[in-house]
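Heads up, the thing below is written out as structure tokens.
The values are calculated or read from the model by the stated rules, or taken from the named source; none is laboratory data. Bear in mind that the values here come from a model prediction, so they are computed numbers and not experimental data. Positions of Cβ are backbone-derived with ideal geometry, glycine not excepted, and every protein chain shown enters the neighbour counts. SASA here: full protein model, heavy atoms, side chains in, ligands and nucleic acids out. Shrake-Rupley method; radii C 1.70, N 1.55, O 1.52, S 1.80 Å.
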Amino acid sequence: MATVTHANIHVQNGQETGDSSRMAVHVLPKRGLRAGETLVMFLDFPEAPANVCADVMKVLQEGYANAPGGVTSALRLAIKLANDRLINANRGAPKPMEGSITCAVVGESSVVLAQCGPALAYVRTHEGVFERIEPQGAAAEQQVGRSSTIDIFFDNVAHQEGTIYVLTGVYSYPQQNDRMVAACMGKGDAETVAAFLNVNVKQSIAGMVFEVLQGEPAVVVEEVRPARPARPTRPETTDASPIEQSEPKAAKSGRPKMPTAARKPMFSPELQAGVSQAFRSMRDGLATLGGRMLPDPAAAPPSLPERVRSKQFLTVAAMVLLPIIIVSVAVPLYLEFSGEAQRRETKRTIEAQLAAAQQAREPADVRMKWATLQQQVSEYAVKYPEYAADFSEVQVQARGQLDALAKIVRVAAVPIVQFEAVGRNRVASSAMGAYVLNTDVGTANYLPLNDDHTALAPNGRPVSLQFIDVDEVNRGLTDIVWATNSESRWRTEGAVLFGSQGVYEYSSATTRASPWKIAAADETRPARTTAGEIYNGTIYLLDGEIGQIWKYVIGGESLKSEAPYFRSAFESLKGAIDLGIDGAVYVLTQNGTVQKFFNKAPQPFSITGLPEPIGRAAALVVTGGDPERGNVYVLDAQAGSVLEFDKKGVFVRQYRGVGDEFVDATDLAVDTARRTGYVVMSQRLYTFKLQTNP
């Protein structure tokens with residue numbers, strides 16, 4: 001009668017995890033259609049819970065035991081029933097369980113393999129031939145649990161003493177080397193093969209190893225002597241249940257307690273545990289071999305053959321145990337000196353930090369723990385790029401948690417145009433498109449956009465603004481705004497460009513930009529114009545060097561100065577970088593503060609609710625026709641974030657690109673009519689959609 005000896009392989013990220021509910025060996029009862037056969041089952045559904053696996057195993061077992069016909073027809077029916085059960089379990093499940101099923105039926109003379117889905121099996125015959133068996137055709141392409149129509153691949157292997165089988169699947173066997181499997185399968189019986197695979201796998205693997213033994217070994221009685229107590233044998237499996245863990249004790253190294261002495265040990269606890277376990281394994285192995293090979297001291301004097309075997313004992317012990325000792329010592333040494341031990345320790349630290357972040361409740365504590373976790377995962381990915389996928393899902397989870405705490409809205413940053421020249425760009429939105437000024441080279445372009453302002457208009461292309469009477473004026477341009485006669489902003493349609501020595505008025509009707517110079521002797525001439533704005537037909541120039549806002553109007557053929565906004569220079573405006581006007585005047589300073597004025601008097605505007613300080617303020621936009629309507633937007637170039645506030649300074653939300661595309665942006669514009677934002681970089685212009693809800 002053929003008997004099956006089996007052992008499991010189950011390694012997750014280099015660590016053995018014990019039994020798995022996805023593997024089972026079932027011996028059919030003596031009563032029934034298929035008495036004496038053994039059914040070996042492996043499910044390649046890594047995400048399936050234990051109860052689902054047990055249910056599918058039971059359906060496989062009962063379906064095969066009760067099916068009529070031959071072995072292949074019975075297996076086909078059993079796998080079909082198991083597939084139907086998995087499809088039912090997948091109904092309503094958030095993530096469908098899909099994969100493959102591999103079964104082996106051990107009969108009197110052969111082993112029949114049945115595989116459905118992307119399954120794998122390995123066979124090593126007694127001659128040492130190693131063969132990888134995979135499904136073919138539809139059976140290899142289908143996923144069990146996805147469709148009620150399945151195809152099954154069969155293979156028949158005749159019994160040969162010493163043949164080893166490994167059942168696994170592509171999801172339970174990622175990135176493993178067939179040469180490594182072949183080397184491990186040459187190490188001996190099923191339990192030894194499983195032990196070597198568990199020790200040598202560096203990442204993850206799950207599978208079943210078994211071999212078939214024909215009949216019972218012959219017993220030769222040389223002398224009559226008192227009988228020894230019978231050794232316990234492995235009970236025959238009579239029901240579908242997880243396989244027993246069979247592995248050498250050398251693979252179960254326990255972690256010793258850390259020494260209490262202050263002196264740092266020469267080797268890490270993992271290495272010390274491995275070496276200690278090696279010698280414990282040698283001791284246990286010697287005891288086992290001694291029990292098998294040495295004579296019983298309570299029995300009669302040993303016979304001649306027993307005395308010969310006792311002299312061979314040490315040689316056999318060395319041959320059997322030496323590889324175990326080498327593996328037990330060499331593996332910790334390799335881990336110690338290759339940096340693998342440090343990686344695993346870092347991994348455990350990250351896992352502990354994840355648990356701490358998930359348990360945190362106070363907002364400040366939650367933010368701190370998730371931020372720390374995100375930093376640790378980023379450092380891990382940089383230091384161990386080949387293992388970056390270990391915590392990819394954790395990185396997404398940490399980013400989502402931090403985004404929610406900081407009211408970050410991740411938006412799709414749509415690139416509109418790539419500029420040929422690199423420089424510090426400023427942008428202004430208009431009803432039909434956008435204007436972009438390169439302040440480094442003094443050139444500007446108008447970009448006609450499509451209806452939703454996500455791309456250039458059909459057959460559209462950038463239009464270069466043509467400067468007439470070009471002199472020193474355009475070399476000092478620092479800002480640009482949309483000019484329109486709507487809402488009394490300006491007298492014509494086009495754009496106004498600002499500089500320290502004058503301004504340009506661009507007319508979209510003539511496609512020309514005409515200069516308006518500021519007289520060199522004018523006492524109201526700015527020392528350094530950092531930004532400009534137009535409102536109610538008046539030009540406002542922000543002078544961040546002396547802390548003043550200069551005002552001009554166009555009268556006749558000249559640019560006439562009005563009284564400056566402040567009676568004298570305003571000290572707190574020194575270093576100001578941008579301004580916006582809605583009747584009140586808002587000024588953004590380098591340190592990220594926003595100052596608000598109405599009729600030259602300071603108004604309350606205190607930024608509140610901001611999750612973290614502004615890193616590097618770059619631009620400011622004010623929307624709405626009066627101080628009661630609209631919002632204030634500030635560009636933080638360091639964080640790549642567009643911050644939204646109400647008109648009192650209360651933080652509402654912030655916008656960031658999905659891939660943090662706005663980092664190091666140079667300017668910002670907002671089109672409230674289309675709820676569209678524009679962010680310009682040194683060489684690219686992006687557009688994104690604003691949210692309408694509060």
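Taking only alpha carbon atoms, region 384-437 gives an Rg to Rh ratio of 1.19, where Rh is the Kirkwood radius. Distance from the Cα centroid of region 29-91 to that of region 92-106 is 11 Å (rounded to whole angstrom).
Put simply, the convex hull of the Cα atoms in region 1-157 casts, on average, a shadow of 10.2 nm².
Sort MET23, MET432 by heavy-atom solvent-accessible area, probe 1.4 angstrom, most to least.
Largest accessible area first, the list is MET432, MET23.
Size check on region 501-564: the Cα extents along the three principal axes, sorted descending, read 37, 21, 20 Å.
Comparing Cα centroids, region 416-439 and region 598-632 end up 24 angstrom apart. Share of region 464-598's accessible area from carbon and sulfur, percent, 1.4 Å? Using a 1.4 Å probe with all protein chains present, region 464-598 comes out at 47 percent carbon and sulfur.
Probe of 1.4 angstrom, ligands and nucleic acids ignored: what's the accessible area per residue over region 617-694, in square angstrom?
Value for region 617-694: 34 Å² per residue.
Put a dot 7 Å past the Cα of ALA158, heading toward its Cβ, do the same for MET368, and the two dots end up 7.3 nm apart.
Calculate, in whole percent, how much of the Cα-Cα pair population of region 540-637 lies beyond 18 Å. The share of Cα pairs beyond 18 Å in region 540-637 comes to 49 percent. Inverting the pair-averaged 1/r between distinct Cα atoms of region 403-560 gives 16.7 Å as its Kirkwood hydrodynamic radius.
Principal semi-axes of the equivalent ellipsoid, √(5λ) from the alpha carbon gyration tensor of region 480-609, are 25, 17, 13 Å from largest down. If the segment from GLU108 to SER464 were pulled out straight at 0.36 nm per residue, it would be longer than the present Cα-Cα gap by 119.5 nm. Neighbours of VAL71 by Cβ distance under 14 Å: Lys/Arg scored +1, Asp/Glu scored -1, total -1. The distance between label points at ALA50 and GLU557 comes to 9.4 nm (points 7 Å beyond Cα on the Cα→Cβ vector).
On the protein heavy atoms, probe 1.4 angstrom, tell me the percent of accessible surface of region 17-144 carried by carbon and sulfur. That share works out to 52 percent. On the beta carbon distance between LYS407 and THR5, with R0 = 51 Å, the FRET formula returns roughly 0.25. Once you reduce region 347-406 and region 148-180 to the center of their Cα atoms, the two points are 38 Å from each other. Applying 1/(1 + (r/R0)^6) with R0 = 30 Å to the Cβ-Cβ distance of VAL170 and LYS58 gives a FRET efficiency near 0.75.
How many Å² of accessible area per residue for region 92-163, probe 1.4 Å?
With the other protein chains kept in place, region 92-163 gives 43 Å² per residue.
Ordered from highest to lowest accessible area with the whole protein assembly present and a 1.4 Å probe, ASP452, ASP440 read as ASP440, ASP452.
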